[in-house]
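This report refers to the structure that appears directly beneath it.
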Amino acid sequence: MKLLLDIGNSRVKWAYADQGELQHAGAVNHHENNWQAALPHIRPDAIWAACVAGENVLAQIQAWAGRQWQQELHLLHSVAQACDVNSAYPRPERLGVDRWMACIAGFHHGQGSVLVADAGTAITLDFVDAQGQHKGGLISPGVATMRQALRGGTRLRTELKEYKLSWLADDTDPAVGLGTLHTALALLENARRELAPGRCLLTGGESTLLAPQLSDHWQLAPNLVLDGINRIALASNSREGN
């Protein structure tokens, strides 16, 4: 049984993989106090990880794995080709490994081209065609990040809470809350219309905030990055078995 870790900018997500199936999934915000106490406790046979967080967070998790089970992480990186998907980046290592894992999982999630949106601290979009060719993508601030930027760059000191979706707010707080939400929704829907993918997949910590307001073309895929890590691990084990 493998432990899979998706170490993001704000959260660590995990799941165990047993015979290819994900189970015992969980997540913790690594900005919280004593966050390592919430990490999983079932001993794995191996630990596979994708990390876009800073070196300090990665070092803490590596130390935790060493103390807990005397194991090292199989740390994944973005490469030119893996699991029938080809990167669009001339320097593939510059593609965020979380985006790369989501592209791999998204391609295998169904048939035809796919637009993968990962909504968290940042909103990332990546397009993979029906033949597995990654065409590229883009990065935008997530909803919470946009709101924090407004608070930091202006004199606005709004309450960061959710409001019923509408276009015209009657106070500053809902104006900021709704304006930033509409910005994220417009990005996703405009990309869908312009790129016309066969499928649209949404993952990430803010996916449940955005999903109810999006068109029915979008499908929630909460563990997409972990699924990509699992596919890489399975492919690696298959090569070693041969």
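The values are calculated or read from the model by the stated rules, or taken from the named source; none is laboratory data. Quick caveat, the model's predicted, so the values are computed rather than measured. Neighbour counts are summed over all protein chains in view; Cβ atoms, including those assigned to glycine, are modelled from backbone coordinates with ideal geometry. In case anyone asks, the SASA skips ligands and DNA or RNA and just uses the protein heavy atoms, side chains included. Shrake-Rupley method; radii C 1.70, N 1.55, O 1.52, S 1.80 Å.
Going through the DSSP H helices of the chain, which span 27 Å or more along their own axis at the Cα atoms while scoring at least -0.5 as a mean Kyte-Doolittle hydropathy?
172-195
Given that just one value was derived from the coordinates, which of [x] 48, 40, 37; [y] 48, 40, 34; [z] 63, 44, 31 is Cα extents along the principal axes in Å?
Read-out from the structure maps to [z].
On average, how much accessible surface per residue is there in the chain, in Å², for a 1.4 Å probe, leaving out ligands, DNA and RNA?
51
Taking the simple approach of a point 7 Å from Cα along Cα-to-Cβ for both GLU189 and ALA235, what is their distance in nm?
With each label point 7 Å from Cα toward Cβ, the separation is 3.5 nm.
Please report, as a whole percent, how much of the solvent-accessible surface of the stretch 1-145 comes from carbon and sulfur atoms (probe radius 1.4 Å). Don't jump to the answer; show the numbers that get you there.
On the way: 3100 of 6650 Å².
Exposed carbon and sulfur together represent 47 percent of the surface.
Under 10 Å, Cα contacts only: if you run a Gaussian network model on the chain, which one of ALA102, ALA122, ALA65 comes out with the highest mean-square fluctuation?
ALA65
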